[in-house]
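Below is one structure, written out as structure tokens; comments come after it.
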Amino acid sequence: MRKEKARKIYMFVLNGLLVAALLCGVIGLMIAHEKFTDALFHTLMMFTMAYFWDPVNVLVDIARYLAAIFTFSAILTIVFGAFQILLDRIRGSKKGSTFVYGDNEMTKNFLENNRKAIHGINGFVEADNYVLLDSEENNLTFCMDHRDELQGKRIFLQTENLPGVYFSEGNVRAFSPAELAGRKFWERYDLINQAYDENGRPRKLDVSLIGWGKLGEEILFFGLMANSFADVTYHIFGDSHVFEKLHEDHLDQLQIKAYETDWYDHIDVIKKSDMIIIAEQENQLNLITNLFLVSAELRVVVCASFRGDQQNKNILLSNRAGLVPENNLTFYNWQKASQSLDALLGEEKLLKKDVEEGIAQQKLRRKIREDWASLDTFKRYAYLNLLDLHQVYDKLKKKWGDIVTEEELLRILHTRVLHYYWFNNWDYSPLPDPEHPEKDENITKRLQRRLRPLEEMSDAEIDLERRIVKDVLASFEK
């Protein structure tokens, strides 16, 4: 950030003035036969503008000017700092104001995306929203230190260990940048155009994910939700051993294939992939170059760790093996996509969408809003993953028309349900809770009655999901 860089340069120059003035003054006065202690004292007096003696040599003369410049600059810094604090307080009093805590790369990106945000580097000020982007320990300490001032405020706490953006405790909402980026990825780079074959059947697609970590896992999770209209197989190349062990009972059901060796040991998989996602954050340039050496026809989307502007893109498209079509390489600035107040408020907007856009009131959306405070995190994720189904339906309908019937939407919805429960290690049981036969699920044992193909479900069970489908369709009625 330019302002931050300028501030660092200014402080470096100011410290340089201080050191230079002290050295010149002390050395100059000692050359004039003063004791060290007297020379130091007289030099310090230069900074108070109270050195009234004639300079005994050129070093002392230089020192008094440097000291005067330093003092004047320091006063300006103090005045400017006080003015900045006052300005921050004024900005914080405005409706919708946002205070950002932290001093790292995430903070810089957030401030660049939110020009009106207040940087907490100048101290705590009152605001409507607080976005905490430091380490989890420092964020929690900040909350404790300002417990009284934060009463009634919306607090967004960055985390990698708490459940994510849909988890909240009181007025504190945890969020994961990787999770927000994973959801937005499929909003921007969907597979809608490849959803069905020439006979109107769900197309068999392959997606390769190179690189893992939190970002890779979230892209995979939201891909399973977003692409439930197609028959997608996901190929993972990366250090996903822990993930595989935690999900090994359901990898086949979710059509996830994890590989113990690198992607270049499976060129056949790479070549047949309809999309290749680079989640790996190291050596991306080398990875892109090697992929297009394999084939210029690959569709590659890079979760960029660098600025993917047009000039950089053109360089990478000019592969030594031959020119690569421009549409085959896309840069996704995943950090920017996840670091804005709009992204953090996505949950609220999704819940209130029918009200804000004048859409017909949806029973499901209204019920979720009413029950939100009593829902656990698992249910919040489950319901919110249903609420954005109308966006997928809208895109599918525009592209594929009459292929996307009510029955097709029912199939897509049920696939989403299966993927969500399987990803979280739930299993099917015809009688989840023997003590309460009427219940569809057992939360403790993670058993669900509807985790099976549609054709095997009872009419009552199908009707339950059909009502949700009708509610989604009703959202398009004005």
Note to self: Please list 3J(HN,Hα) in residue order for the range 104-121, calculated via the Karplus relation 6.51 cos²θ - 1.76 cosθ + 1.60 where θ = phi - 60°; whole Hz, with x for glycine and proline.
What the structure shows: 8, 5, 4, 4, 4, 5, 5, 5, 5, 7, 10, 4, 8, 5, 9, 7, x, 5
Check: Relative to the compact globular guide of 2.2 N^0.38 Å, what is the alpha carbon radius of gyration of the range 152-262, as a ratio?
Finding: 1.23
Notebook entry, point to check: Any idea which of TRP53, LEU454, PHE222 is furthest toward the positive side of the dipole for the chain, if Lys and Arg beta-carbons carry +1 and Asp and Glu beta-carbons -1?
Noted result: TRP53
Next item on the list: Find the relative contact order for the chain and round it to a whole percent, using C-alpha pairs within less than 8 Å whose residues are 6+ positions apart.
Entry: 10 percent
Notebook entry, point to check: What residue among SER340, ILE277, ALA178 has its Cα farthest toward the positive end of the dipole of the chain, where the charges are +1 on Lys, Arg and -1 on Asp, Glu, each on the Cβ?
Noted result: SER340
Notebook entry, point to check: At 222 nm, what helix-only mean residue ellipticity would the chain give, in deg cm²/dmol to the nearest 500, using -39500 (n - 2.57) for each DSSP H run of four or more?
Noted result: -15500 deg cm²/dmol
Next item on the list: Normalising by the residue count of the range 185-276, find the relative contact order in percent from Cα pairs under 8 Å and 6+ residues apart.
Entry: 33 percent
Note to self: Rounded to the nearest 20 debye, what is the charge dipole size of the range 415-478 about its Cα centre when +1 sits on each Lys and Arg Cβ and -1 on each Asp and Glu Cβ?
What the structure shows: 280 debye
Next item on the list: Quick one: which residues, 5+ away or cross-chain, put their amide H under 5 Å from the amide H of LEU329? H built at 1.01 Å from N.
Entry: VAL300
Check: Once the Cα gyration tensor of the range 169-212 is diagonalised, what are the square roots of 5 times its eigenvalues, in whole Å and ordered largest first, as equivalent ellipsoid semi-axes?
Finding: 33, 14, 8
Note to self: Accessible area of the range 152-309 with a 1.4 Å probe: how many percent of it is carbon plus sulfur?
What the structure shows: 44 percent
Item checked: Rounded tilt (10° steps) of 36-47 against the dominant C-alpha axis of the chain -> 70 degrees
Check: Hey, of (i) 154; (ii) 257; (iii) 217, which did the structure itself give for volume of the Cα convex hull per residue in Å³ when calculated?
Finding: (iii)
Margin query: 5 Å is the cut-off here: which amide hydrogens, built 1.01 Å from N in the peptide plane, fall below it relative to PHE175, excluding neighbours closer than 5 in sequence?
Written below: LEU157, GLN158, THR159
Next item on the list: For ILE118, enumerate residues with amide H under 5 Å from its amide H, sequence gap 5+ or separate chain, H modeled in the peptide plane.
Entry: THR98, PHE99, VAL100
Margin query: If you average the C-alpha positions of the range 166-228 and of the range 277-317 separately, how far apart do those two centres end up, in angstrom?
Written below: 20 Å
Next item on the list: Using +1 at the Cβ of each Lys and Arg and -1 at the Cβ of each Asp and Glu in the chain, identify which of VAL294, ILE9, ILE236 lies farthest towards the dipole's positive end.
Entry: ILE9
Margin query: Would you calculate the convex hull of the Cα atoms in the range 89-142 and tell me its volume per residue in Å³?
Written below: 70 Å³
Note to self: Restricted to Cα positions, what overall size does the range 372-428 have along the principal axes? Three whole-Å values, descending.
What the structure shows: 38, 27, 14
Checklist line | Dipole moment magnitude, nearest 20 debye, the chain about Cα centre, only Lys, Arg, Asp, Glu C-beta charged | finding: 1740 debye
Next item on the list: Give me the accessible area per residue for the chain, probe 1.4 Å, as a whole number in Å².
Entry: 53 Å²
Check: Once the principal axes of the Cα atoms of the range 357-472 are found, what is the range along each, listed largest first in whole angstroms?
Finding: 46, 34, 25
Notebook entry, point to check: Round to a whole number: what % of the accessible area of the range 414-478 belongs to carbon and sulfur, probe 1.4 Å?
Noted result: 53 percent
Notebook entry, point to check: Can you pull out the GluC sites (Glu not before Pro) in the range 185-288 that DSSP calls coil and that have at most 13 other Cβ atoms within 10 Å?
Noted result: GLU198, GLU248, GLU260, GLU282
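The values are calculated or read from the model by the stated rules, or taken from the named source; none is laboratory data. Not measured: the values here are computed from a predicted model. Cβ coordinates were reconstructed from backbone atoms using ideal geometry, including for glycine residues, and neighbour counts include every protein chain displayed. Ligands, DNA and RNA are stripped out before the accessible areas are found, and what is left, the full protein with its side chains, is counted by its heavy atoms. Shrake-Rupley method; radii C 1.70, N 1.55, O 1.52, S 1.80 Å.
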